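Structure, as structure tokens:
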Amino acid sequence: MSDLQPHAPSLRLYDSAQRAVVPLAPTVTPGVVTIYLCGATVQGSPHIGHMRSAIAFDVLRRWLERQGQQVILIRNVTDIDDKILTKSACAEPPVPWWAWAQRHERQFDAAYRALGVAAPTYEPRATGHIPEMIDLVARLLESGHAYVGEAGNVYFDVSSLPGYGSLTNQRVEDLATTEDDSQLDEDIEADKLDPRDFALWKTIKPTDPADAAWDAPWGRGRPGWHLECSAMSRRYLGEEFDIHGGGIDLRFPHHENEQAQSHGAGWGFARHWVHNAWVTIKGAKMSKSLGNSQTVASLMERYEPVVLRLALGTVHHRSTVEFSEETLAEAAALWDRLAGAILRAREATGEAGEAIDAAPAELRARALPADFTSALDEDLNLAGAMACVHATLKELNRALSETGADQDAPAPASGAGRAEPANAAQIIATVLDLRAQLDVLGLDPLAEPWRASVVTGTGESAGAAMATLDRLIQHDLDERAHARAAKDWARADALRDKLTAAGVVVEDSPAGARWHLA
């Protein structure tokens with residue numbers, strides 16, 4: 001039997017409960033990092049605020065796996081909730097609540113996949129874990145942390161837990177309620193002993209669908225919003241796990257109440273709390289209630305999914321993302337520079353360039369720059385990591401300039417190829433360094449799901465507007481190619497100048513001309 005032990009991750013993270021950057025190690029199980037991430041309440045279509053959280057924790061997961069850790073990530077789906085019942089009933093025409101939930105769950109799944117977010121280890125639904133939730137309520141009743149009201153609702157007695165409020169550094173006596181505004185109604189407030197208590201179980205109402213309730217020892221009803229996460233985290237990760245994550249808006253009351261339930265049950269629960277900041281539009285938090293939400297589907301009609309990921313996923317997870325057309329334009333331009341440089345390198349290095357297409361497993365065995373590693377190890381400092389990416393891209397472009405790969409030279413005749421440059425080995429090594437860094441961020445142009453559109457240049461994942469623009473520009477590029485073939489350099493230069501004036505950068509290569517926006 002080997003004496004070797006799994007090494008601990010070197011990552012330090014800001015812990016919202018401790019309000020400090022602390023080492024993640026030691027984990028509950030050496031070599032394994034367990035994460036519970038609050039997923040979607042599938043009441044409507046996914047917007048970019050939802051994706052911010054998913055991408056932030058996808059990067060965390062990638063970095064831990066890059067350090068040799070096995071990551072078990074649980075991301076729940078809340079498919080029974082007051083909002084789901086209300087919206088499904090108000091739809092035109094009304095639809096069953098479970099059909100409404102599944103419709104939007106599928107939209108979330110499609111959005112995650114489009115933006116390159118890896119699937120969680122398990123993705124449990126609330127409705128699939130009612131027995132575990134009933135067991136937890138029974139445990140809290142037995143321990144004296146909960147009580148049954150006259151109407152049959154079950155509440156957590158906040159005053160019974162001395163540590164209540166520790167996550168968000170609040171005192172119980174300073175609180176008016178521990179319920180989220182969306183969960184408040186007269187029926188729930190009616191039989192509380194203290195307005196600061198929160199619902200564990202909601203008795204069925206006459207207006208509720210008959211199939212939106214389950215039998216329990218204290219009466220037929222459905223779980224409160226917070227109950228599912230305590231029950232499901234224990235089901236899949238045990239009584240104590242490494243990281244609980246989610247958006248910063250969930251810290252109170254949702255996460256505070258989750259922690260109270262679990263501690264009341266005698267479980268250690270989360271050892272670290274990690275929260276991502278909001279997405280804002282013109283300084284205001286993006287949300288459906290404010291009417292400023294941007295759905296993923298609508299944005300993908302105009303932008304490639306990778307541009308959305310780059311805009312959301314290269315900002316520190318605790319920093320607000322100010323989302324705008326300018327933000328997306330900057331992300332699109334950076335993506336063009338990254339993907340374009342890698343494609344030019346493939347073409348410039350001839351047959352030797354096949355090594356550039358290394359599989360992800362090869363990239364992950366490659367050493368990363370010390371500055372890149374130290375940046376991500378210090379609370380996932382993406383600004384520092386991106387500085388390394390930009391430096392590597394600059395180095396690649398410098399090496400390419402020595403080959404003339406980015407110069408405006410006539411394309412070779414059919415069947416001809418560019419001679420392998422003397423610095424081919426340097427170019428290939430630099431591309432692999434760049435890809436290895438981008439792989440950690442989920443932005444490697446030669447990996448799925450981006451590879452097809454990058455390599456073929458078809459823009460299959462681009463929106464309709466970009467496709468139309470491509471057809472218009474391609475018309476001019478075809479004319480320019482004919483002029484160059486006829487050695488009509490004046491006509492070729494005029495067409496290029498026309499595109500340049502319109503903000504289009506044309507790059508020539510042995511495979512023909514390609515373009516991107518300036």
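As a footprinting exposure proxy, order 366, 62, 344 by other Cβ within 10 Å, with the fewest listed first.
Details: 366 14, 62 18, 344 24.
Listing 366, 62, 344 from fewest to most nearby Cβ atoms yields 366, 62, 344.
Identify the trypsin sites (Lys or Arg not before Pro) of segment 12-56 meeting these criteria: DSSP loop state and at most 12 other C-beta atoms within 10 Å of the C-beta. Please report the intermediate quantities before stating the final value.
Working: sites: 12, 19, 52; in loops: 19.
Counting only loop positions with at most 12 other Cβ atoms within 10 Å, the trypsin sites (Lys or Arg not before Pro) in segment 12-56 are 19.
Using Cα centres only, tell me the gap between segment 176-239 and segment 1-62 in whole Å.
Centre-to-centre (Cα) distance: 28 Å.
Given a Förster distance of 35 angstrom, what is the FRET efficiency for residue 185 paired with residue 371, based on the Cβ-Cβ distance and rounded to 0.05?
Numbers: r = 53 Å, r/R0 = 1.52.
Efficiency, rounded to the nearest 0.05: 0.10.
Dipole of the chain (Lys/Arg Cβ +1, Asp/Glu Cβ -1, origin at the Cα centre): which of 356, 265, 97 lies farthest to the positive side?
Going by the charge dipole, the pick is 356.
Once you charge only the Cβ atoms, +1 for Lys and Arg and -1 for Asp and Glu, what is the size of the charge dipole of segment 230-360 about its Cα centre, to the nearest 20 debye? Mind showing how you got there, number by number?
On the way: 13 positive and 17 negative charges, 93 e Å.
Charge dipole of segment 230-360: 440 debye, to the nearest 20.
With a cap of 10 neighbouring Cβ atoms within 10 Å, and only residues DSSP puts in a loop, list the chymotrypsin sites (Phe, Trp or Tyr not before Pro) found in segment 215-286. Can you show the working numbers first?
Numbers: sites: 218, 225, 236, 241, 267, 269, 273, 278; in loops: 218, 225, 267, 278.
Listed in order of number, the matching sites amount to none.
How many nm separate the modelled label positions at residue 455 and residue 98, each set 7 Å beyond the Cα in the direction of the Cβ?
Placing both labels 7 Å along Cα→Cβ, they lie 4.3 nm apart.
State, to one decimal in nm, how far the label point of residue 86 lies from the label point of residue 12, with both points 7 Å from Cα in the Cβ direction.
Here the modelled spin labels are 4.4 nm apart.
For a paramagnetic label modelled at 7 Å from the Cα of residue 505 toward its Cβ, which residues of segment 363-401 fall within the zone defined by backbone nitrogen distances under 17 Å?
The answer is 389-401.
Which value, in debye to the nearest 20, describes the size of the charge dipole of the chain about its Cα centre when Lys and Arg Cβ atoms bear +1, Asp and Glu Cβ atoms bear -1, and nothing else is charged?
Numbers: 49 positive and 73 negative charges, 187 e Å.
Computed charge dipole of the chain: roughly 900 debye.
For 90, 388, which order do you get if you count the other beta carbons within 10 Å of each Cβ and list the fewest first?
On the way: 90 8, 388 21.
Ordered from fewest to most neighbouring Cβ atoms within 10 Å, 90, 388 come out as 90, 388.
With a 10 Å Cβ neighbour count serving as the proxy for reagent exposure, in which order, fewest first, do 21, 77, 279 appear?
Values: 21 11, 77 23, 279 27.
In increasing order of surrounding Cβ atoms, one gets 21, 77, 279.
Charges only on Cβ, +1 for Lys and Arg, -1 for Asp and Glu: so what's the dipole of segment 96-213 about the Cα centre, in debye to the nearest 20? Can you show the working numbers first?
Working: 10 positive and 22 negative charges, 124 e Å.
Dipole magnitude for segment 96-213 comes out near 600 debye.
Restrict the search to segment 117-216; then list the trypsin sites (Lys or Arg not before Pro) that DSSP places in a loop and that have at most 12 other Cβ atoms within 10 Å of their Cβ. If you can, show how the numbers build up before the last one.
Working: sites: 125, 139, 171, 192, 196, 202; in loops: 171, 192, 196.
Sites meeting the loop and neighbour criteria: 171.
To make sure I understand the rule: partners must be aspartates and glutamates, Cα under 13 Å from the Cα of residue 487, and not fewer than 8 residues away in the same chain. Which ones qualify?
Within the straight-line cut-off, residue 487 pairs with 479.
Once every DSSP H run of n ≥ 4 in the chain is given -39500 (n - 2.57) and the sum is divided by its residues, what mean residue ellipticity at 222 nm do you get, rounded to the nearest 500 deg cm²/dmol? It would help to have the intermediate numbers written out before the result.
Values: 17 runs with 214 residues, N = 518.
It lands at -13000 deg cm²/dmol.
Can you give the longest stretch of the chain with no exposed loop site, where a site means GluC sites (Glu not before Pro) in a DSSP loop (not H, G, I, E or B) with at most 15 other C-beta atoms within 10 Å?
Within the chain, the longest run free of exposed GluC sites (Glu not before Pro) spans 1-149.
Give the label of the value calculated from the structure for volume of the Cα convex hull per residue in Å³, choosing from (i) 137; (ii) 172; (iii) 160.
So the calculated entry is the one marked (ii).
The numbers here are math on the coordinates, done by the rules we state, and not lab data. Keep in mind the model is a prediction, meaning the values are calculated, not measured. Positions of Cβ are backbone-derived with ideal geometry, glycine not excepted, and every protein chain shown enters the neighbour counts.
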